Amino acid sequence: MGKTIGLLTAVLSVSLFRPGLSSSQGPLPQPGKYVVYGQGIKSCTAWTADRSNAPLHGSELAWITGYLTGIGPFVEFHQTDADGIDRWMDAFCAKNQDMTIEDATTAMISSLR
């Protein structure tokens, strides 16, 4: 167990001090530079359509909150809550129907910086 914890500490130490990732004002992810999984690949049109379907909307909102949580240590932005996310996503997706939920989430992070 000691070796596992030591290895985990080493991996975390190296990854946290990589250039571009160590600052809370680090760069946002660049579209096309990584793979998006899950609900993030859905379109803004789907976001709007799914608002009346609690299970679908809940899974999309959970994806967004997970994304925000995951990027939080690397990019500083103002806090929000589920209602704030819904309002922001609704407005953004009404104007950008062909963009993905991930695109919208990245744009939301930019607006919260």
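Values in this text are rule-based calculations from the coordinates and carry no lab data. As the structure is a prediction and not an experimental result, all values here were calculated from the model. Don't worry about glycine lacking a Cβ; one is built from the backbone with ideal geometry, like all the others, and counts go over all protein chains shown.
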Expected sort for 36-43, 53-60, 99-106 on mean C-beta neighbours within 10 Å, highest first, is 99-106, 36-43, 53-60
Net lengthening on full extension, D81/N96 (0.36 nm per residue, minus Cα-Cα):
3.2 nm
Local net charge near C44, Cβ-Cβ under 12 Å (Lys/Arg +1, Asp/Glu -1):
-3
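Subtracting the Cα-Cα distance from 0.36 nm times the residue separation, let me have the gained length for V35 to A107 in nm, one decimal.
24.2 nm
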